[in-house]
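What follows is one structure encoded as structure tokens, with my remarks underneath.
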Amino acid sequence: MRWLREHLVLILGMLVLLYTFVPIAVVVLMSFNDPATRNVYRFDGFTLDNWINMCGPETEGMCESLWLSVRIGLLATVVATAIGTLAAFALVRWDFPGRSSSNLLIFLPMAAPEIVLGSSLLALFVQAGFAGQLGFWTIFIAHVMFCLSFVVVTVRARLAGMNDTLEQAAQDLYATPAQTFWRVTFPLVLPGIFGAALLSFALSFDDFIITNLNSGSETTFPMYVWGQARVGVPMQVNVVGTLMLVVALVVVVVGEANNRRRAAALTK
Amino acid sequence: MTSTAGTVPVVDPGDPGAPGEPDALVDVAASGRRRGRTAYLLMAPAVLWLALFFVIPFYSLIAASLYDPSGSDEDGWRMAYAFGNYVDAWQDYWQPFVRSIAYGGIATVICLVLGYVLAYAIAFKTGRWKTLVLVLVIAPFFTSFLVRTLSWQLILADDGWVVDVLRFLQLLDDDGRLLATDVAVVTGLAYNFLPFMVLPLFASLDKIDHRLIEASSDLYSNPVVGFFKVTWPLSLPGVVSGTLLTFIPAAGDYINAQLLGNTNTRVVGSVIEAQFTDANQPYVAGALSMTLMVVIVGMVLVYVRRAGTEELL
């Protein structure tokens, strides 16, 4: 009883954690499902078919949509990470008139509901005469826009938490500003930039509401799932869901191992 | 975010071509930040992007909301400063609107309770497993939003075990159901936005100095009183940012309402989407969108004021 009281919070916390995994367990399970009919969403039998025939005829359009999401995700991530990192440096390391309004401008897109961001962007595209050109590039523009703030916030946190003694040491040892930047500052900020890029890709890859309004006739993966949800999704959708989880976990584990190795190398 | 303040100037990362001049030539602000035009060059691309694709679209949206409602895509839309659009949109769609706010609010409260327990357990009880547990908290949310929402369809289905158990416990009538009800929509929302609550809560709980809590128990406060007098007030910044980060997307979301609800759980998000695309009534969509934004910003301001953490923004 005493034991229970002491560990009550931990137990409750782990129950909540367990709860967050219930739908994920269902996704993984359903990726091995052999459905009797497509309209009823329940587990009927075990099969590896969904994994082997991911891009088969019953998933027409799914792999194309996946490929589109990957391309847009990569491109939007590169652009958002690049310009967001520059802005983060300016905000942490420089003092300039307009700094606090810039901070506010960066913050606002994160405080606006997606439906508002999406519909206002669509209003702009329509009024500017691009209603017929909605597609890859309008999705790209939208994704860079909403990823940008998250990049700035992530890189800014890393920069702000950074101690500048190493940079001072480099300068004391007659490193030029360029050498100091590329050999000391940049490697130290890199994990933050890397984290920001991962977050960007995840946000872009998973976005539905903004994309749906600005995509024209293009179909990203979330839009494919949305479209199929009305008629019953193919089980391969769960394979993609499971793969996303696996990829994310691998990236996190590799990143963490990398950090540990670096930390170990530094203390040697 | 201004913890870099130091006495010695920091390096100039944006000007790698400059020769290694002594620091005396650089005008350093009291905060340890440099001054100079380079900052504007660094800010320019991001500010330009947000100006073009975030600020200007707002004006487009306001403009669209004031169109003459007699226009059409074929004949074109005429700006008529038709403020009546807002009244009409509200009269036609106040129900989905209120529903959105209510769903978002209830989901946020559920998230706060579940998220606080989880964040508290991670910050104070997991010890060296902290990082691992934190990764586990985020992991489920790497699966596609839509795919994990669909999996709630299965969990809450009429022949699913959740409904069976609830019927057995008589918490649900024999023909009662979960899927396609308000309960399902709120469940989905509270699930999908949980990490937005847990992470800020954890960040502020993790910063609390354990000695303060020990001090309160040394001074004979019981754990419950100690929690409400020490831990809770210190975690308020996390509570405020967590509730905002949960409420704002939850109030605007329509994926959960559409996949887990029914026609009576329609929320304002799907009305806006439909009015803009299929119904071709951009003025209705614009008016509803603007109203949603204003209501949310208003609620956020009042809430932040009352919570007394204005510096958060």
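The values are calculated or read from the model by the stated rules, or taken from the named source; none is laboratory data. Everything numeric in this text was worked out from a predicted model, so none of it was measured. Note that we place each Cβ from the backbone using ideal geometry, even for glycine, and neighbour counts take in every protein chain shown. Remember, those area values only see protein heavy atoms, side chains included, never the ligands or the DNA or RNA. Shrake-Rupley method; radii C 1.70, N 1.55, O 1.52, S 1.80 Å.
Based on what the data block shows, is B:Thr263 exposed (fewer than 15 other Cβ atoms within 10 Å of the Cβ) and farther than 23 Å from B:Leu66 by Cβ?
yes
Please work out which one of (1) open to solvent by less than 20 Å² (accessible area, probe 1.4 Å); (2) assigned to a loop (DSSP other than H, G, I, E, B) is the condition B:Leu179 fails and give its number.
Against the list (1) open to solvent by less than 20 Å² (accessible area, probe 1.4 Å); (2) assigned to a loop (DSSP other than H, G, I, E, B), B:Leu179 comes up short only on (1).
Here's the yes/no breakdown for (1) touching a helix residue (DSSP H, G or I) at 6+ places or on another chain (Cβ under 8 Å); (2) away from chain B (no Cβ under 11 Å); (3) under 26 Å from A:Asp206 (Cβ atoms):
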| residue | (1), (2), (3) |
| --- | --- |
| A:Glu6 | no, no, no |
| A:Tyr19 | yes, no, yes |
| A:Asp34 | yes, yes, no |
| A:Asn53 | yes, yes, yes |
| A:Met62 | yes, yes, yes |
| A:Ser69 | yes, no, yes |
| A:Ile72 | yes, yes, yes |
| A:Thr77 | yes, yes, yes |
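Tell me, which helices (runs of 4 or more DSSP H) lie completely within segment A:155-225 with 2 or more residues that are within 30 Å of A:Gly241 (Cα to Cα) and not acidic (Asp, Glu)?
A:186-206, A:209-214
A:Ile193 fails exactly one of the following numbered conditions: (1) among the aliphatic types (A, V, I, L, M); (2) touching a helix residue (DSSP H, G or I) at 6+ places or on another chain (Cβ under 7 Å); (3) within 9 Å of another protein chain (Cβ to nearest Cβ); (4) surrounded by fewer than 21 Cβ atoms within 10 Å (Cβ to Cβ). What is the number of that condition?
The one condition A:Ile193 does not meet is (3).
Mind checking whether some residue in segment A:246-260 is open to solvent by less than 20 Å² (accessible area, probe 1.4 Å) and assigned by TED's automatic domain parsing to the domain that holds A:Ser102?
No, there is no match, as no residue in segment A:246-260 is open to solvent by less than 20 Å² (accessible area, probe 1.4 Å) and assigned by TED's automatic domain parsing to the domain that holds A:Ser102.
Table: residues versus (1) at the interface with chain A (Cβ under 10 Å from one of its Cβ atoms); (2) touching a Gly at 6+ places or on another chain (Cβ under 8 Å).
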{"position": "B:Ala250", "(1), (2)": "yes, yes"}
{"position": "B:Gly261", "(1), (2)": "no, no"}
{"position": "B:Ala279", "(1), (2)": "no, no"}
{"position": "B:Ser289", "(1), (2)": "yes, no"}
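So which residues in segment A:61-85 are assigned to a loop (DSSP other than H, G, I, E, B) and under 10 Å from A:Cys147 (Cα atoms)?
Residues satisfying the conditions do not exist here.
Say whether the condition of being within 14 Å of the chain's Cα centre (by Cα) and surrounded by 21 or more Cβ atoms within 10 Å (Cβ to Cβ) is met by at least one residue in segment A:165-187.
Scanning segment A:165-187 turns up no residue that is within 14 Å of the chain's Cα centre (by Cα) and surrounded by 21 or more Cβ atoms within 10 Å (Cβ to Cβ).
Being among the polar types (S, T, N, Q) and in a helix (DSSP H, G or I) is the filter; apply it to segment B:267-301 and report the residue that is most open to solvent (accessible area, probe 1.4 Å). If you could, list the steps in order and put the result at the bottom.
Step one: of segment B:267-301, the residues among the polar types (S, T, N, Q) are B:270, B:275, B:277, B:280-281, B:289, B:291.
Filter again for in a helix (DSSP H, G or I), leaving B:270, B:275, B:289, B:291.
Values: B:Ser270: 7, B:Gln275: 15, B:Ser289: 0, B:Thr291: 36 Å².
Looking at the filtered set, the residue picked out is B:Thr291.
Looking only at segment A:227-239, count how many residues are buried (at least 21 other Cβ atoms within 10 Å of the Cβ), at the interface with chain B (Cβ under 7 Å from one of its Cβ atoms) and assigned to a helix (DSSP H, G or I).
Of the residues in that region, 2 qualify.
Inspect all residues belonging to segment B:122-139 and state whether any of them is among the polar types (S, T, N, Q), in the same structural domain as B:Val284 (by TED's automatic domain parsing) and in a helix (DSSP H, G or I).
So far as segment B:122-139 goes, yes, one or more of its residues are among the polar types (S, T, N, Q), in the same structural domain as B:Val284 (by TED's automatic domain parsing) and in a helix (DSSP H, G or I).
In the list A:Ser149, A:Ser204, A:Ser215, which residue meets the criterion of being in the same structural domain as A:Pro109 (by TED's automatic domain parsing), of a type in the set (Ser, Thr, Tyr), in contact with a His (Cβ under 6 Å, 6 or more places away or on another chain) and open to solvent by less than 60 Å² (accessible area, probe 1.4 Å)?
None of the others qualify; the one that does is A:Ser204.
Only one of these conditions is not met by B:Ser217: (1) in a loop (DSSP other than H, G, I, E, B); (2) hydroxyl-bearing (Ser, Thr, Tyr); (3) open to solvent by 60 Å² or more (accessible area, probe 1.4 Å). Which number is it?
B:Ser217 satisfies every listed condition except (1).
Here's the yes/no breakdown for (1) open to solvent by less than 40 Å² (accessible area, probe 1.4 Å); (2) at pLDDT 50 or above:
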{"site": "B:Val8", "(1), (2)": "no, no"}
{"site": "B:Asp12", "(1), (2)": "yes, no"}
{"site": "B:Gly20", "(1), (2)": "no, no"}
{"site": "B:Ala30", "(1), (2)": "no, no"}
{"site": "B:Ile56", "(1), (2)": "no, yes"}
{"site": "B:Met79", "(1), (2)": "no, yes"}
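Hey, among the residues in segment A:63-102 that are among the polar types (S, T, N, Q) and open to solvent by less than 40 Å² (accessible area, probe 1.4 Å), which one's farthest from the chain's Cα centre (by Cα)? Steps first, answer last, please.
Filtering segment A:63-102 down to residues among the polar types (S, T, N, Q) leaves A:65, A:69, A:77, A:81, A:85, A:100-102.
Within this subset, residues satisfying the condition of being open to solvent by less than 40 Å² (accessible area, probe 1.4 Å) are A:65, A:69, A:77, A:81, A:85, A:102.
Working: A:Ser65: 17, A:Ser69: 12, A:Thr77: 9, A:Thr81: 12, A:Thr85: 16, A:Ser102: 23 Å.
The residue in question is A:Ser102.
Could you check, for segment A:131-140, whether at least one of its residues is touching a Pro at 6+ places or on another chain (Cβ under 7 Å) and more than 9 Å from chain B (Cβ to nearest Cβ)?
Checking segment A:131-140: not a single residue is touching a Pro at 6+ places or on another chain (Cβ under 7 Å) and more than 9 Å from chain B (Cβ to nearest Cβ).
Which residues, taken from segment B:208-230, are without any contact (Cβ under 8 Å) to a residue 60 or more places away in the chain, closer than 21 Å to B:Cys111 by Cβ and either in contact with a Phe, Trp or Tyr (Cβ under 6 Å, 6 or more places away or on another chain) or more than 11 Å from chain A (Cβ to nearest Cβ) (or both)?
B:Phe228
Mind listing whichever residues of segment A:22-45 are at pLDDT 85 or above and either in a loop (DSSP other than H, G, I, E, B) or loosely packed, with under 14 Cβ neighbours inside 10 Å (or both)?
Residues satisfying the conditions are A:Ala25, A:Ser31, A:Phe32.
Which one of the conditions (1) under 20 Å from A:Val246 (Cα atoms); (2) open to solvent by less than 60 Å² (accessible area, probe 1.4 Å) does A:Trp51 fail to meet, given that it meets all the rest?
(2)
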